[in-house]
């Protein structure tokens, strides 16, 4: 069996932790110039109207570290008349939500996150979303998503209204054939990457 950090072949027996190590290692090696270009491409895709349109509500997140995307991406989407909800971590329960009102409305949160300072809307605010962008380290072709292991999104996404698109955001190379799955995992219905755009899963 290949070890974490090597080429992502012969991985049928990898655990989630091994996958996380391998994908994080690969992501951290991406040059800043590539990350910048990918963020611009994601912005183009999100402002095209294929994911959400003006007047609709998008649940998003503020990318941190080597995660694909940027705060500018959120500003450009909001400029198209899309309302943006951002997650707020409170304890170990499902995520709370608040409206995004520009970069100055963000403050440091747990786990290195940046969170909005606005009024808390409650867990059920997720139900008004027309689409949900979900951070991920990887996703497989059946919709299994690999996060960072804290479980916040798995405890949250079941609250979304039925048929709401759940869209993992990853780099092109982070779509893999199969990831280990557990009964509590909430499967993604689509994936968004800089090069492949929006793709349905399952």
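Since every read-out is calculated from the coordinates, none of them should be taken as a lab result. Note that the structure is predicted; figures quoted are calculated from it, not measured. Note that each Cβ is placed from the backbone with ideal geometry, even for glycine, and that neighbours are counted across all protein chains shown.
Of note:
- Normalised contact order of the chain, rounded percent, pairs of Cα under 8 Å and 6 or more residues apart: 19
- Matching label, Cα Rg over 2.2 N^0.38 Å computed from the structure shown, candidates (i) 1.22; (ii) 1.69; (iii) 0.97: (iii)
- Point-to-point label distance, residue 107-residue 30, nm (Cα→Cβ direction, 7 Å offset): 3.0
- Which of 188, 73, 199 has the fewest Cβ neighbours within 10 Å, and the rest in rising order: 199, 73, 188
- Mean ellipticity per residue at 222 nm, deg cm²/dmol - from DSSP H runs of n ≥ 4 across the chain, formula -39500 (n - 2.57): -5500 deg cm²/dmol
- Difference of contour (0.36 nm per residue) and Cα-Cα distance, residue 189 to residue 48: 48.8 nm
- Sorted by Cβ neighbour density within 10 Å, fewest at the top, the residues 133, 201: 201, 133
- Centre separation in Å (Cα based) which lies between the stretch 158-189 and the stretch 84-128: 21
- Counting other Cβ atoms within 10 Å as a rough exposure proxy, the listed residues 84, 64, 167 run 64, 84, 167 from fewest neighbours to most.
- Restricting attention to the stretch 107-202, close to 45% of DSSP beta bridges with both partner residues there are antiparallel.
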